[in-house]
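Participant: The structure's right below; bear with me while I get my questions together.
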Amino acid sequence: MYSEVKIYIPKKMVGGKAKPDLSKQWYVYFYFRDPITGKMGRQPFKTYRNINQGKTIKERKAIARAWVNTITGILEDGFNPYDEDSARVVARKRTDMTPSIRQAFTEALEHKKATLKPNTYKSYWHYLNPFLEWIKRMGIGGNPIESFTQRHAIAYMNYLADPKPYGKELHPNSVSNHKGNLSAIFSKVVQDRWADRNFFVDIQTKKVKPRKNQPFTKEEMEAIQAYTKEFDPLLYNFLRFIFYSFMRNREILSVQVKHIDMKKRTVAIETKADKISHILMIEPMYQFLEDLGVGDLPDHYHIFTPSGKPGHWPTNPRDKVNFFAKRFRAVRDHLGIDPEKTTYSFRHNAALDLFQSMIEDGMPEREVVARLMKITRHRSEEALRKYLRDIGGVLPEDWSATYRTNF
């Protein structure tokens with residue numbers, strides 16, 4: 001009766017390769033059999049709705065995939081674009097009848113949308129889309145949600161973990177993330193009484209704990225500084241900003257000119273808890289921003305952009321963070337540095353440097369911790385002390401002379 005619902009992505013040639021074109025209209029389309037001729041219609045049915053509001057390729061694809069899932073669902077329910085009454089029939093059917101597995105998951109997420117931040121909503125779709133593709137391949141997407149069992153949930157988790165070509169061969173932490181996000185969506189299915197319990201909650205997934213809080217060695221810091229200053233000045237300035245400000249990557253990349261007060265030497269940031277915090281601009285930060293001439297720039301300009309100079313960068317925060325993370329990984333791999341050391345490690349080195357410097361200057365340890373709390377933004381002395389122990393800042397003095405037994 002109808003074709004597969006697909007996404008039309010216009011292309012342009014860039015460097016001899018066809019690339020998605022954001023300057024042209026994207027849409028989702030499908031063909032439907034003409035009830036008069038009995039043949040598949042030549043003209044596709046299209047929808048452009050909201051798709052071209054996406055500012056990046058990734059955003060447009062996410063919106064378009066959501067429409068593919070929605071349209072596929074209503075076609076499975078019997079929607080006929082040639083029949084004016086079919087839309088009402090489908091709407092009534094969706095109200096009166098048990099939804100399919102596909103519908104239950106997609107509608108659950110749509111119902112949660114009002115309570116979610118835009119980026120959280122997009123993140124949920126990032127995890128839901130592979131699941132929808134899997135149930136389609138398994139031929140169960142159109143089955144009633146009542147037929148979905150824990151065996152299906154476990155089978156999908158196994159598929160994510162199994163080696164290629166039989167599975168996705170994802171890292172245990174990624175599998176755990178998929179489970180957590182699908183569990184959050186399915187909790188709405190349970191809340192709507194389409195399922196008795198959340199089948200994802202009880203699934204045991206193996207999560208590998210990374211070695212946290214790994215600072216760089218002195219030699220590694222020097223190597224990174226020398227390499228980035230010469231070959232990637234943009235990354236060098238970004239890493240310096242982390243080191244001197246103790247700001248997180250996402251916080252730095254959200255900073256716009258309007259958040260900076262050069263007279264008071266402060267930067268306003270939105271923290272992980274969605275609160276506004278003010279960071280003191282110490283001299284290296286102030287000089288960097290002064291050299292950029294932020295006082296003469298438009299308020300909406302971001303400080304760090306791919307061009308290497310302030311400008312408008314409307315990309316979503318996750319993609320911004322990934323942009324700089326990818327650049328840093330290239331440097332780290334080139335220099336042969338432990339892959340568990342990340343841009344976050346510069347905060348650890350900064351904390352170590354300040355702690356050891358203050359202790360060597362004779363400042364009492366309790367006073368050092370109190371002063372550092374204001375800089376690192378830890379919420380308690382206990383949390384800061386634990387952090388300092390983790391990064392090697394608080395170590396006992398040599399106790400070998402205290403032994404009374406030689407061994």
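Participant: Residue pairs, Cβ under 7 Å, 6 or more apart or interchain, first in the stretch 193-218 and within 17 Å of Pro172 (Cα to Cα), second of a type in the set (Val, Ile, Thr) and modelled with pLDDT of 90 or more. List them.
Facilitator: Ile203/Ile154; Thr205/Val175
Participant: Let me ask you something else. Please verify whether the stretch 140-150 includes one or more residues that are surrounded by 17 or more Cβ atoms within 10 Å (Cβ to Cβ), outside any loop (DSSP other than H, G, I, E, B) and not assigned by TED's automatic domain parsing to the domain that holds Lys309.
Facilitator: Yes, the conditions are met somewhere in the stretch 140-150.
Participant: For the stretch 9-26, indicate whether the set of residues that are surrounded by 12 or more Cβ atoms within 10 Å (Cβ to Cβ), β-branched (Val, Ile, Thr) and farther than 28 Å from Arg137 by Cα is non-empty.
Facilitator: Among the residues of the stretch 9-26, not one is surrounded by 12 or more Cβ atoms within 10 Å (Cβ to Cβ), β-branched (Val, Ile, Thr) and farther than 28 Å from Arg137 by Cα, which makes the answer no.
Participant: Follow-up. Is the stretch 352-366 home to any residue that is part of a helix (DSSP H, G or I) and in contact with a Phe, Trp or Tyr (Cβ under 8 Å, 6 or more places away or on another chain)? Show your work before the answer.
Facilitator: Taking the stretch 352-366 and keeping what is part of a helix (DSSP H, G or I), we get 352-360, 365-366.
Filter once more, so that each one left must be in contact with a Phe, Trp or Tyr (Cβ under 8 Å, 6 or more places away or on another chain): none.
No: the stretch 352-366 contains no residue that is part of a helix (DSSP H, G or I) and in contact with a Phe, Trp or Tyr (Cβ under 8 Å, 6 or more places away or on another chain).
Participant: To continue, here is another question. Out of (1) more than 30 Å from Ser176 (Cβ to Cβ); (2) part of a loop (DSSP other than H, G, I, E, B); (3) touching a helix residue (DSSP H, G or I) at 6+ places or on another chain (Cβ under 9 Å); (4) of a type outside the set (Asp, Glu), the odd one out for Pro314 is which?
Facilitator: All conditions are met except number (3).
Participant: Need the failing condition index for Asn316 against (1) under 21 Å from Phe216 (Cα atoms); (2) touching an Asp or Glu at 6+ places or on another chain (Cβ under 8 Å), just the number.
Facilitator: The single condition Asn316 does not satisfy is (1).
Participant: Look through Phe186, Phe216, Phe241 and report the one residue that is in contact with a helix residue (DSSP H, G or I) (Cβ under 8 Å, 6 or more places away or on another chain) and outside any helix (DSSP H, G or I).
Facilitator: On the way: Phe186 fails: outside any helix (DSSP H, G or I); Phe241 fails: outside any helix (DSSP H, G or I).
Unique residue meeting the criteria: Phe216.
Participant: Also, quick follow-up: Take the residues of the stretch 110-131 that are among the aliphatic types (A, V, I, L, M) and over 14 Å from Ser183 (Cα atoms): which is surrounded by the most Cβ atoms within 10 Å (Cβ to Cβ)? Working first, answer last.
Facilitator: In the first step, residues of the stretch 110-131 are kept if they are among the aliphatic types (A, V, I, L, M); the result is 114, 116, 128.
Filter once more, so that each one left must be over 14 Å from Ser183 (Cα atoms): 114, 116.
On the way: Ala114: 7, Leu116: 14.
So, considering only residues that are among the aliphatic types (A, V, I, L, M) and over 14 Å from Ser183 (Cα atoms), the one surrounded by the most Cβ atoms within 10 Å (Cβ to Cβ) is Leu116.
Participant: Of the residues Arg329, Arg318, Arg377, only one is out of contact with any strand residue (DSSP E or B) (no Cβ under 8 Å at 6 or more places or on another chain), at pLDDT below 90 and among the basic types (Lys, Arg); which? Spell out how you get there, then give the answer.
Facilitator: Numbers: Arg329 fails: at pLDDT below 90; Arg377 fails: out of contact with any strand residue (DSSP E or B) (no Cβ under 8 Å at 6 or more places or on another chain).
Answer to the check: Arg318.
Participant: While we're looking at this one, here's another question. Taking the stretch 352-372, which residues are crowded, with 16+ Cβ neighbours inside 10 Å, free of Cβ contacts under 8 Å to residues at least 60 places away in the same chain and within 36 Å of the chain's Cα centre (by Cα)? Lay out the reasoning, then the answer.
Facilitator: Just the residues of the stretch 352-372 that are crowded, with 16+ Cβ neighbours inside 10 Å, to begin with: 352, 354-355, 358, 368-369, 372.
Filter once more, so that each one left must be free of Cβ contacts under 8 Å to residues at least 60 places away in the same chain: 354-355, 358, 368-369, 372.
Matches in the stretch 352-372: Leu354, Phe355, Val368, Val369, Leu372.
Participant: For the stretch 165-175, does any single residue satisfy the condition of being among the β-branched types (Val, Ile, Thr), over 21 Å from the mean Cα position of the chain (by Cα) and outside the structural domain of Lys341 (by TED's automatic domain parsing)?
Facilitator: No, the stretch 165-175 contains no residue that is among the β-branched types (Val, Ile, Thr), over 21 Å from the mean Cα position of the chain (by Cα) and outside the structural domain of Lys341 (by TED's automatic domain parsing).
Participant: So, in the stretch 246-298, of the ones that are surrounded by fewer than 16 Cβ atoms within 10 Å (Cβ to Cβ) and assigned to a strand (DSSP E or B), which residue ends up modelled with the lowest pLDDT?
Facilitator: It comes out as Glu270.
Participant: When the stretch 96-109 is examined, which residues are found to be part of a helix (DSSP H, G or I) and crowded, with 18+ Cβ neighbours inside 10 Å?
Facilitator: First pass over the stretch 96-109, keeping only residues part of a helix (DSSP H, G or I): 96, 101-109.
Within the stretch 96-109, Ile101, Arg102, Gln103, Ala104, Phe105, Thr106, Glu107, Ala108, Leu109 qualify.
The values are calculated or read from the model by the stated rules, or taken from the named source; none is laboratory data. These numbers were taken from a predicted model, which means no experiment stands behind them. Methodologically, a virtual Cβ is constructed for each residue, glycine included, from the backbone with ideal geometry; neighbour enumeration extends over all protein chains shown.
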